[in-house]
Amino acid sequence: MSTVDLSAVSRRQQWMSILASADRDALEVVCRPLGDLIRVRCQWLRAPETGLVMVRGRIGGSGAKFNLGEVPVTRCALRLQIEKNSSTGAAWVQGRDVHHAELAARIDALLQIPVHSEHVYGQVITPLAAGRSARRETAARKAAATKVEFYTLARESLAG
Amino acid sequence: MMNTISDVPPALAPGFDQPVFDSIKVFRVVADAMAHPGEIKRIDARPPAPAQLMPAAAALCLTLLDFETVLWTQNPHSAVSEYLRFHCGCPVTQTPSQAAFAWIDSTMNMPPLSAFIAGDPEYPDRSTTLLIQVKSLSNASGVRLFGPGIRESIYLDVAGIPAAYWRELQASRAAFPCGIDIVFIWGERIAALPRTTQVVM
């Protein structure tokens with residue numbers, strides 16, 4: 001295998017994350033202007049399937065990993081053929097929404113075709129990314145408003 | 001921009017048409033083959049795998065391998081390894097003595113039986129199962145097999161297996177319950193040789 005370009009990998013990770021965390025309806029809205037591009041016939045490498053993933057978090061006072069619980073995850077992989085370009089797209093999406101996973105995988109595939117990449121990125125990823133950071137900011141602001149400082153208590157030490 | 005198509009593995013093909021039903025059917029055939037050592041069975045499922053994987057080998061791998069089974073192959077960077085890693089999620093090793101399964105694409109450059117693990121007396125199941133692709137299989141002649149699941153005896157001719165290999169296999173039977181299980185694969189057909197089967201030349 002050829003050497004892997006890390007910046008391309010991290011770019012792809014970034015857009016896959018944005019696609020997965022997007023709201024399904026929002027994703028559909030931004031995909032609509034792509035027209036036929038989003039409806040190209042695809043070959044399933046792995047048809048959408050739902051399974052469980054154990055989520056672990058550093059939620060204890062000392063920051064140790066803990067099994068938080070299982071969440072349903074839907075994944076799929078497909079191959080698109082547009083004129084002479086073919087491309088493989090994959091998606092892992094929280095929940096059981098097969099259509100969300102399919103759309104995310106299609107966009108992932110389109111973004112890897114140089115002639116469509118820029119157009120699709122501007123049309124789909126840019127607005128979704130903006131929406132996501134707005135959502136995160138709101139959530140962070142709301143959470144910050146509930147912060148309480150207990151001056152009389154020492155924080156639990158990391159040494160345990 | 002570097003994120004072009006050439007970075008993607010070129011020959012990623014789909015797996016089973018109906019993953020659940022197809023793997024159940026294939027499992028039934030291989031269980032039957034193991035229960036009747038030496039008998040040649042046919043696997044109908046033909047996943048569109050890379051050409052180096054014979055149809056029955058592809059079906060067996062998709063059925064038997066998963067993220068917990070370490071696979072050994074002669075060439076860990078081939079299209080076959082990519083295909084199996086994608087569909088089965090199995091780790092691929094270059095060390096035969098770590099493998100739960102070994103896919104051997106031809107009898108030409110087969111490692112000796114002793115390269116693989118035969119399990120230990122407490123855990124005889126921690127052994128390697130060999131999936132060996134061969135040029136032909138026949139019950140008309142060849143070595144004679146005896147043991148559980150065989151009425152009296154059965155002949156099995158496997159093209160390309162040297163006499164020394166059969167001798168090594170028969171000698172390894174002394175270590176029962178440890179041992180290595182083998183599935184010979186020829187196109188769509190398979191014949192199993194579990195560790196309970198005795199081989200007479």
Task: Residue under evaluation residue B:22, criteria (1) touching a residue at least 12 places away in the same chain (Cβ under 8 Å); (2) more than 14 Å from chain A (Cβ to nearest Cβ); (3) not in a loop (DSSP other than H, G, I, E, B), criterion not met - done: (2)
Open item on the list: of a type in the set (A, V, I, L, M, F, W, C), out of contact with any Pro (no Cβ under 8 Å at 6 or more places or on another chain) and at pLDDT below 95: which single residue out of A:64, A:105 fits that description?
Closed with: A:64
- [ ] Test residue A:71 against the criterion of being among the hydrophobic types (A, V, I, L, M, F, W, C) and either surrounded by 13 or more Cβ atoms within 10 Å (Cβ to Cβ) or over 19 Å from the mean Cα position of the chain (by Cα) (or both), and give yes or no.
- [x] no
- [ ] Tell me which of these residue B:13 doesn't satisfy, since it passes every other one: (1) outside any loop (DSSP other than H, G, I, E, B); (2) in contact (Cβ under 8 Å) with a residue 60 or more places away in the chain; (3) over 28 Å from residue B:152 (Cβ atoms).
- [x] (1)
TODO: May I ask you to verify whether residue B:67 is under 22 Å from residue B:37 (Cβ atoms) and either among the aromatic types (Phe, Trp, Tyr) or surrounded by fewer than 14 Cβ atoms within 10 Å (Cβ to Cβ) (or both)?
DONE: no
Open item on the list: Any residue that is assigned to a loop (DSSP other than H, G, I, E, B), more than 12 Å from chain A (Cβ to nearest Cβ), surrounded by 14 or more Cβ atoms within 10 Å (Cβ to Cβ) and under 14 Å from the mean Cα position of the chain (by Cα) - is there at least one of those in the range B:75-95?
Closed with: no
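The values are calculated or read from the model by the stated rules, or taken from the named source; none is laboratory data. Remember, it's a predicted structure, so these values are computed and weren't measured experimentally. Every residue, glycine as well, gets a Cβ built from its backbone with ideal geometry; the counts of neighbours run over all protein chains shown.
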